[in-house]
1. Under a Cβ-only charge scheme (Lys and Arg +1, Asp and Glu -1), can you give me the dipole magnitude of the chain about the Cα centre, in debye to the nearest 20?
2. Taking 0.36 nm per intervening residue step and subtracting the Cα-Cα distance, what contour gain separates H216 from L130 on full extension?
3. Put a dot 7 Å past each Cα toward the Cβ at F235 and R351; how far apart are the dots in nm?
4. State the percentage of accessible surface on region 161-365 attributable to carbon and sulfur atoms; use a 1.4 Å probe and exclude ligands, DNA and RNA.
5. With respect to the cross-link table entries K52/K290; K52/K94; K109/K363, which display a Cα-Cα separation exceeding 29 Å?
6. What is the distance in Å between the Cα centres of region 97-113 and region 247-311?
7. Gain in length, H205 to A92, computed as 0.36 nm per residue apart minus the alpha-carbon separation, to one decimal in nm?
8. At a Förster distance of 45 Å, what's the computed FRET efficiency of E191 paired with S68, Cβ-Cβ distance as r, to 0.05?
Amino acid sequence: MGERLPRSCDIFCAVVDNYGDIGVCWRLARQLAHEHGLAVRLWVDDMHSFGKMLPELDADLPVQTCRSVDIRLWASVMPLVEPADLVIGAFACKLPDSYVAAMAACERKPVWLNLEYLSAEEWVETHHQLPSPHPTLPLTKYFFFPGFTPKTGGLLLERDLLVRRDAFQHDGNEQASYWQLLNVPPRVANEMRVSLFSYENEAMHELLRTWEQGAHPVTCLLPEGRALPQVAQYFGQQTGKAGEVWQRGNLRVHVLPFGEQSRYDELLWACDVNFVRGEDSCVRAQWAGKPFIWHIYPQHDSVHMEKLTALQARYVEGLPEELASAVHDLWLAWNGGVDIAGAWGRFVENRTNLEEHGQTWAKRLSGNNLALNLLAFSRQVA
Ligand code: TRH
């Protein structure tokens, strides 16, 4: 054990599907480079998904530098490179054999971490930082779990994010410019703005009908993606694209382009309520401090429902019964339960208190910063 600070880092990201894998890796890569001065190489096997959230990326280039991160296409043939001081395999992806052999051949062995998926379940605390010795080589990989309690690796949070969020949320002019940029007209009285980032969802039509027939105007901001065909269908369209605006009753939908990652934060900050999904957007919604509804990534054996319940239980812990059940009912209804109309009504009735709670929750979580924890742990095991 040498207390050595890493100066370089290789992050390996295999994109399973969607954007969460690369979303998390790109965020971590930038933080390690910008806030901690590491020379970061990010190996990605799918440049096209990556390009959706980083428009300046040239998906045809196998090697390029964007925002001080050295981005490499992770192709089937791995070039011979000197391993970094800190090696992070994201989400249990298998590192190239030649690279692992090169790690084993290093005089000072790199610190090797497996960055795991986020879960609020209790078992995470006992699995976080567990070692896994390589069966044949003189290397040990450690499991690093993000999470919601001090005994886990915490959450990805940029150093200045909450300050920037507060400035944005307190600046009416900045918000007005933001909406103008998106071609969304200024708010009318009692209007609610809701961002909607989800997978295909059985409750979609009922939710849209609830908004359409509601007492107050709802403006729904819908980034292009998996939910779009369902929403288009609700408006009698075959499909839709960014820039389209659909109106029925009290509901107006603006289809947005899938934007650059940092711009998505602004959407979450600017809306009153956010529907988010997967992993990274769910965390960003928590930093936004606004009431949010999580559409969890569905798994075949329904284990995702345990993950959903675990986060929900932590999130509502200590809240009065009415608030806790408002969250519980709507999250459940949006993840395959029933009565989304009733659940939405109760959620909205409690919106002010939920927003207050959202701010407190973000503040509480912000003390446990993943990048800092990861570097401290790397130093400890180096
Ligand atoms: O895309 P996702 O559904 O990813 C999921 C989850 O990560 C899940 O855990 C994983 O198992 C599965 O993929 C394979 O949702 P997530 O995690 O919210 O990632 C979306 C990313 O896209 C996030 O980094 C935010 C970013 N984003 C933008 O950059 N611009 C946008 O306009 C939007 C809507 C999102």
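1. Details: 34 positive and 47 negative charges, 117 e Å.
Here the size comes out at about 560 debye.
2. Details: separation 86, 0.36 × 86 = 30.96 nm, distance 5.12 nm.
Here the answer is 25.8 nm.
3. In this crude spin-label approximation the distance works out to 2.1 nm.
4. Numbers: 4560 of 9040 Å².
That fraction is 51 percent.
5. Numbers: K52/K290 25 Å; K52/K94 24 Å; K109/K363 37 Å.
Correct reply: K109/K363.
6. Comparing the Cα centres of region 97-113 and region 247-311, I get a distance of 38 Å.
7. Working: separation 113, 0.36 × 113 = 40.68 nm, distance 3.62 nm.
Extra length from H205 to A92 when fully extended: 37.1 nm.
8. Working: r = 40 Å, r/R0 = 0.89.
E between E191 and S68, to the nearest 0.05, is 0.65.
The values are calculated or read from the model by the stated rules, or taken from the named source; none is laboratory data. Nothing here was measured: the structure is a model prediction, and the numbers come from that model. Neighbour counts are summed over all protein chains in view; Cβ atoms, including those assigned to glycine, are modelled from backbone coordinates with ideal geometry. Ligands, DNA and RNA are excluded from the accessible area calculation, which covers all protein heavy atoms including side chains. Shrake-Rupley method; radii C 1.70, N 1.55, O 1.52, S 1.80 Å.
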